Amino acid sequence: MRVVVERSGGFAGVVRRGEADASQLDGAAAQQLRDLVATAVGSHDLGAGSRRDGFCYEVVLEDDDAAAGPQRAQLREGSMPPGVRQLLDGLLS
């Protein structure tokens, strides 16, 4: 499983990208990553909590087991659950 996060927007409009491969993580960390991405993919509310010059995030989950293809979620800063924020901070740092 691979997770890709792209952050755009903000005052400067800088785009940042990060990714992780769960096969490189231990079992507990890989499961935590799956859980966090499942939360992100289930959160499609783009309008709530958005702010002027805030960041917009696109989260893509490419899972070898998923026959339907990659899962995508678009989230705005201020409307993300805390677990999703942890994922983004870890991937973009």
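Separation between the SER8 and ASP21 pseudo-spin-labels, each 7 Å from Cα along Cα→Cβ, expressed in nm?
Between SER8 and ASP21, the label points sit 2.6 nm apart.
Could you give the length gained on full extension between ASP64 and ARG85, defined as 0.36 nm per residue of separation minus the Cα-Cα distance, in nm?
Stretched fully, the ASP64-ARG85 segment lengthens by 5.1 nm.
No lab work stands behind these numbers, since they all come straight from the coordinates. Worth saying up front: this structure is predicted, and the values here are computed from it rather than measured. All Cβ positions, even for glycine, are placed from backbone atoms using ideal geometry, and neighbour counts span all protein chains on display.
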